[in-house]
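Single-structure report; data block below.
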Amino acid sequence: TASGTATAGQYANLATVTGTPPVGSDVSDTDASHYYGSEPAVTVEKSTNGSDADSAPGPLVPVGDPVSWTYEVTNTGNVDLTGISVVDDQGVTVTCPTGSLVAGDSMTCTGSGAATAGQYANLATVTGTPPVGADVSDTDGSHYFGSEPAISVEKSTNGSDADVAPGPLVPVGDPISWTYEVTNTGNVDLSGISVVD
């Protein structure tokens with residue numbers, strides 16, 4: 001008997017036996033043996049609207065606009081995988097073209113939804129089953145920021161919020177001052193702000 005530890009990939013060894021008889025030359029024989037060291041692995045690379053948004057905030061997407069996710073699944077091991085599934089932790093339905101991948105092959109899975117307001121994050125998990133051993137898996141996160149811009153103005157006349165007539169009484173010829181309180185009530189920065197009366 002002999003023993004060792006499996007190494008990755010194709011392995012071959014040759015045994016040679018030799019014996020010495022009472023008379024004549026030594027006798028011998030050989031026999032080969034092989035094994036394949038299975039090293040399964042899988043990766044997933046998730047993108048949001050074409051952006052590899054591993055870190056927040058990710059792309060800005062107007063609230064209600066479509067969001068598309070792609071999940072690039074690669075068999076990075078040295079054996080074929082079956083039973084491949086991609087699960088998104090936010091309930092996004094993920095569709096893959098096949099449930100198996102030969103070693104070194106890739107496929108693109110897809111999912112879609114509509115943008116919600118604020119910071120969004122989801123995590124994709126891929127799982128595959130090798131011919132022997134435990135399932136293999138990988139995860140990858142992705143982000144977007146649901147843009148919901150809004151602005152408000154509150155105008156006052158001589159310090160009075162005179163939304164309804166008649167407003168404050170002002171003697172003819174006296175000065176009048178207006179103030180315009182402008183507030184960014186959305187969730188993204190605004191530029192180019194102008195107030196026109």
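The values are calculated or read from the model by the stated rules, or taken from the named source; none is laboratory data. Note that the coordinates shown come from a computational prediction; the quantities given were computed from them, not determined experimentally. Cβ atoms come from the backbone with ideal geometry, glycine included; neighbour counts cover every protein chain shown. Heavy atoms of the whole protein, side chains included, go into the accessibility calculation; ligands, DNA and RNA do not. Shrake-Rupley method; radii C 1.70, N 1.55, O 1.52, S 1.80 Å.
If Gly91 satisfies all but one of (1) under 26 Å from Gly146 (Cβ atoms); (2) open to solvent by 60 Å² or more (accessible area, probe 1.4 Å); (3) not in a loop (DSSP other than H, G, I, E, B), what's the number of the condition it fails?
(3)
Conditions: (1) on the phi > 0 side of the Ramachandran plot; (2) touching a Pro at 6+ places or on another chain (Cβ under 7 Å). Gly83 meets all but one. Number of the miss?
(2)
Go through the stretch 1-44 and report how many residues are under 25 Å from Asp138 (Cβ atoms) and open to solvent by less than 70 Å² (accessible area, probe 1.4 Å).
9
Before we move on, is Gly64 without any contact (Cβ under 8 Å) to a residue 60 or more places away in the chain, outside any strand (DSSP E or B) and either surrounded by 10 or more Cβ atoms within 10 Å (Cβ to Cβ) or among the hydroxyl-bearing types (Ser, Thr, Tyr) (or both)?
Judged against the criteria, Gly64 is a match.
Could you pull out the residue among Ser28, Ser47, Ser33 that is of a type in the set (Gly, Ala, Ser), under 16 Å from Tyr144 (Cβ atoms), part of a strand (DSSP E or B) and out of contact with any Pro (no Cβ under 8 Å at 6 or more places or on another chain)?
Ser47
(1) within 30 Å of Glu39 (Cβ to Cβ); (2) open to solvent by less than 80 Å² (accessible area, probe 1.4 Å): which one isn't true of Ser177, the others all being true?
It fails just one condition, (1).
So in the stretch 114-151, with the set limited to residues that are among the aromatic types (Phe, Trp, Tyr) and open to solvent by 20 Å² or more (accessible area, probe 1.4 Å), which one is farthest from Ser85 (Cα to Cα)?
Checked the stretch 114-151; the qualifying residue farthest from Ser85 (Cα to Cα) is Phe145.
In the stretch 1-42, how many residues are touching a Gly at 6+ places or on another chain (Cβ under 9 Å), closer than 30 Å to Gly104 by Cα and among the hydroxyl-bearing types (Ser, Thr, Tyr)?
4
Among Ser112, Ser152, Ser142, which is the only one that is in contact with a Pro (Cβ under 8 Å, 6 or more places away or on another chain), of a type in the set (Gly, Ala, Ser) and at negative phi?
So the residue among Ser112, Ser152, Ser142 that is in contact with a Pro (Cβ under 8 Å, 6 or more places away or on another chain), of a type in the set (Gly, Ala, Ser) and at negative phi is Ser112.
Scanning for something assigned to a strand (DSSP E or B) and under 23 Å from Gly186 (Cβ atoms), does the stretch 101-113 turn up at least one residue?
Yes, because at least one residue in the stretch 101-113 is assigned to a strand (DSSP E or B) and under 23 Å from Gly186 (Cβ atoms).
Going by what's in this entry, would Ser47 be described as exposed (fewer than 10 other Cβ atoms within 10 Å of the Cβ), in contact with a strand residue (DSSP E or B) (Cβ under 7 Å, 6 or more places away or on another chain) and either among the basic types (Lys, Arg) or at pLDDT 95 or above (or both)?
Judged against the criteria, Ser47 is not a match.
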